[in-house]
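**Student:** Attaching a single structure in structure tokens format; questions to follow.
Since every read-out is calculated from the coordinates, none of them should be taken as a lab result. Remember, predicted model here, so these are calculated numbers, not experimental data. Here the Cβ is made from the backbone with ideal geometry for all residues, glycine too, and neighbour counts use every protein chain on show.
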Amino acid sequence: MTTAIQPQPGILDIALYQGGTAKIAGRDDAIKLSSNENPFGAGDLARQAYMRAGHELHRYPTTDHAALRAAIASRFGLDAGRIICGAGSDEVITFLCQAYAGPGDEVVYSQHGFLMYRISALAAGATPVVAPERDRTTDIDAILAACTDRTRLVFIANPNNPTGTMVPVSELERLADNLPAQALLVLDGAYAEYAEGYDGGAALADQRQNVVMTRTFSKLFGLGGLRVGWGYGPQHVIDVLSRVRGPFNLSTTQQDVAEAALSDDAHIARSLAENARMRAWLAERLNAIGVATDPSHANFVLARFRDAAQAEACNAALLADGLIVRKVDSYGLPECLRITIGDEAACRRVLYTITQFMERQA
Ligand code: PMP
């Protein structure tokens, strides 16, 4: 049916986001390893805060997120006045595109970069520009070569999703130093906590006028369903983003539960330690049975098969055994499966099924 009512240019180029499969029909015992969630769920302190949150449902939340920002600032050693909170870091990415990129502007990111960069750029009317990777890692020279006098935003997820690979801080510094003057570098640290010794880009965002960091409560803090993320950067950027942000974008529940999660040291320590242990375990054993993995600094591994058909067949075998992992065709990686690091039992089940599968392939 033709209609004169049309969206803004670019909107119809957005492919609908395909989230990770959540369930297998008829199987209550399925294990979901498709969305990089914390296998231990939310911590006790967050759960308790959630139970308390029902008391004031009729009241509007605070608009300035002051308590949550103060808690984030104190945990990460940052300036609370330079933090902005959003409904997931997705929303902060959206604010950045709304505020800085419009028609005629370009938004640069790496091949196999997170899908939201393209969605948010197109939604803002801007043009997405993809820079090629090198060795399945973001290539800073390629990013710089992709920049023009129309580049307004450059997004780098570090560690990257779905590859799990990382760019060293020295390379990020070189990028920040050499960007065109009108461009803002966004360091997406959704998985930063899992990368040992990495601050997520905090020091760079603290010191440079052209660097912003985004972070999330969805991964390490186990709150993917709550939808809370945040950004940190130079005051001039935070002041701009605050104008775009809806005044009540986070409910009281979102603010209170996220704040509680920040102080749950025991849950954070256990989640980090188990992820590091099982990530190394799974990668090593997958490699030993002939399935390559990229060096992961996140809470998932990207398993690489001979070709797309083999990856698809392995995915079917995993589903038949009640294991849901993530196909990454939409990232241009049809020969790969992204597997969230589950608890030990889940990792053992995954390894067992893939081992059986590979033996049938031999
Ligand atoms: N950045 C990256 C690289 C991600 O993988 C994700 C989640 N898949 C996000 C940002 C957004 O996470 P959230 O909106 O849950 O904070």
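**Student:** Provide the three semi-axes, in whole Å and in decreasing order, of the ellipsoid equivalent to the stretch 52-262 as defined by the square roots of 5 times the Cα gyration tensor eigenvalues. Mind dumping the intermediate values first?
**Tutor:** Working: eigenvalues 159, 66, 47 Å².
For the stretch 52-262, the semi-axes come out at 28, 18, 15 Å.
**Student:** Could you identify which residue out of N275, N36, N249 has the top mean-square fluctuation in a GNM of the chain using Cα springs shorter than 10 Å?
**Tutor:** Result: N249 has the largest fluctuation of those listed.
**Student:** If you build a Gaussian network model of the chain, linking Cα atoms that sit under 10 Å apart, which residue out of A42, A124, A145 swings the most?
**Tutor:** A145
**Student:** Which value, in debye to the nearest 20, gives the size of the charge dipole of the chain about its Cα centre, when Lys and Arg are +1 and Asp and Glu are -1 at the Cβ? It would help to have the intermediate numbers written out before the result.
**Tutor:** On the way: 33 positive and 41 negative charges, 121 e Å.
The dipole of the chain has a size of about 580 debye.
**Student:** Using only Cα positions of the stretch 1-96, each an equal point scatterer, no hydration layer, compute I(q)/I(0) via Debye at q = 0.14 Å⁻¹ and quote the log10 values to two decimals.
**Tutor:** With no solvent term, the Cα-only Debye profile gives -0.98.
**Student:** Quick one: plug the Kirkwood hydrodynamic radius of the stretch 37-145 (C-alpha pairs) into Stokes-Einstein at 4 °C, 1.567 mPa s, and report D in µm²/s.
**Tutor:** 75 µm²/s
**Student:** Given a 10 angstrom Cα cut-off, can you work out which residue in D307, D239, D139 is the most mobile in a GNM of the chain?
**Tutor:** D307
**Student:** What Kirkwood hydrodynamic radius do you get for the chain when you take the inverse of the mean 1/r over all pairs of distinct Cα atoms, in Å?
**Tutor:** 21.3 Å
**Student:** How large is the charge dipole for the stretch 52-262, taken about the Cα centre, if only the Cβ atoms of Lys, Arg (+1) and Asp, Glu (-1) carry charge, to the nearest 20 debye?
**Tutor:** 520 debye
**Student:** Related question: Among all stretches of the chain without exposed trypsin sites (Lys or Arg not before Pro) (DSSP loop, at most 11 other Cβ atoms within 10 Å), which one is longest?
**Tutor:** That would be 60-362.
**Student:** Continuing with the same structure: Could you please state, rounded to a whole Å, how far the C-alpha centre of the stretch 44-92 is from the C-alpha centre of the stretch 190-259?
**Tutor:** Here the two parts' Cα centres lie 11 Å apart.
**Student:** Separate question: At a threshold of 8 angstrom on Cα-Cα distance, excluding pairs fewer than six apart, so keeping six or more, what relative contact order does the stretch 52-262 reach in percent?
**Tutor:** Relative contact order for the stretch 52-262 comes out at 26 percent.
**Student:** Follow-up question, since we're still on this one. Just check the stretch 222-362 against the gyration tensor rule for me: Cα atoms, a ≥ b ≥ c as the square roots of the eigenvalues, rounded for a/c under 1.5, and otherwise prolate or oblate depending on whether a/b exceeds b/c.
**Tutor:** Verdict is prolate for the stretch 222-362.
**Student:** Here is a further query. Once you order the gyration tensor axes a ≥ b ≥ c over the Cα atoms, which shape class does the stretch 290-345 get: rounded for a/c under 1.5, otherwise prolate or oblate by comparing a/b with b/c?
**Tutor:** Oblate.
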